[in-house]
Amino acid sequence: MLVVMEKGTSEEKIQAAINAIKKRGYTARPIPGGDRVSIGILHNKGSVDATHFLGLGGVKEVIPVTKPYKLVSREFKQKNTHIKVGDAVFGNGSFPVIAGPCAVESETQVLSIAKSVKNAGAKLFRGGAFKPRTSPYSFQGLGKIGLVFLAKVREETGLPIVTEVMDVENFNLVEEYTDIIQIGTRNMQNFSLLRCAGKSDRPVILKRGMSATLQEWLMAAEYIMEEGNNNVILCERGIRTFVRHSRNTLDLSVVAAAKKESHLPIIIDPSHAAGVRDQVISLACASAALGADGVMIEVHNNPEEAMSDGAQSLYPDQFVKVMEKMNAIHAIVRK
Ligand code: PEP
Ligand code: MN
């Protein structure tokens, strides 16, 4: 249920409506942004009787929310959420690009890649210090020292950092070093981790689980928002299908579907969807054409020797070219 206040309603009336909601045992959550203040009603068991709130001063209307997710939904908030990190804004029609290697391997590796992606126009740097690997025998990431190298990248290039947090134990450590917390596909329904991220003041990139429906994905985002963090960026990274020609199948249609259901920005990771670099280029261009709110792309200075995901990592000169293509497509689509 959403209690919509009249435009320009006084603070006292808003507070009175909040108190009336709380008195009934519900949580009242004012929704930021939009033309007028709306107050979401959460934690109601069963339906809420609108007549309790309709007669209150300053209340324009009371709208039932039909979706299982609330805070993430367009029903709760019509206007797109804008999330600003450094020079980048996600959700305002621009097309910020996050680029960097799959894994942090050394200080020289991340600094070299960061300088080249920054020159090509990337707005944020990515790199995993804690890596969720399918095999326990694969490189697991450098851990804390990897985070220190990422901090060095920020210091030297000014690029904000995106890195994955894999578990609750390391949450505070990763949070301390990163500008955006990434929750990976394998953790999309790690509810304790989602709650930790919800208590953070850092924006969160929430990757879609590899077999998750849009509804399950949005419910995962709801966990983060329910804890108080409104800055969630959805990231489509391909889903598991029967095909063998790519690592995953990029679900292009989910961008329009997610935008219809939710006010949250949605970006695309063509690298993990494709698994091979030739496909990354065309999927990155498609992402710009679709009206996604940005992309995250893996780039490596020496992909043949990469400790993870070398086959899908672009060479720095390929990244320059794909940036040019994406920018040209975005400029047309934005008109
Ligand atoms: C990553 O971005 O480093 C990653 C592991 O991706 P995903 O969670 O999408 O597999
Ligand atoms: Mn990777």
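The values are calculated or read from the model by the stated rules, or taken from the named source; none is laboratory data. For clarity, every value in this text was computed on a predicted model and none was experimentally measured. Using ideal geometry, Cβ is built from the backbone for each residue, glycine included, and neighbour counts are taken over all protein chains shown. Accessible surface areas use protein heavy atoms only, side chains included; no ligands, DNA or RNA. Shrake-Rupley method; radii C 1.70, N 1.55, O 1.52, S 1.80 Å.
Here the chain carries DSSP beta bridges of which approximately 40% are antiparallel, counting only pairs with both residues inside. Carbon and sulfur together cover what percent of the accessible area of the range 2-63 at a 1.4 Å probe radius? That fraction is 49 percent.
Karplus-based coupling profile of the range 115-127, in residue order and whole Hz: 5, 6, 6, 5, 4, 7, x, 5, 9, 9, 10, 10, x, with θ = phi - 60° in 6.51 cos²θ - 1.76 cosθ + 1.60 and x standing for Gly or Pro. Note that the range 2-63 presents 56 Å² accessible area per residue, ligands and nucleic acids not counted, probe 1.4 Å. Each peptide in 140-150, 266-276, 283-293 gets a packing score, the mean of other Cβ atoms within 10 Å over its residues, and the list from highest to lowest is 266-276, 283-293, 140-150.
With all protein chains kept in place, the per residue accessible area of the range 184-335 amounts to 40 square angstrom at a probe of 1.4 angstrom.
Defining a contact as two alpha carbons under 8 Å apart and six or more residues distant in sequence, what relative contact order in percent does the range 154-309 show? Numbers along the way, then the final one.
Numbers: 272 pairs, mean separation 23.1, N = 156.
It comes to 15 percent, rounded to a whole number.
Put simply, the amide H of residue 61, placed in the peptide plane, has neighbours under 5 Å in 4, leaving out anything fewer than 5 places away on its chain.
Ignoring ligands, DNA and RNA, what percent of the accessible area of the range 212-333 is carbon or sulfur (1.4 Å)?
On the way: 2630 of 4670 Å².
That fraction is 56 percent.
Cross-link check: pairs 207/325; 79/321; 77/335; 23/199; 84/131; 131/152 evaluated at a Cα-Cα cut-off of 22 Å; pairs beyond the cut-off: 207/325; 79/321; 77/335; 23/199; 84/131.
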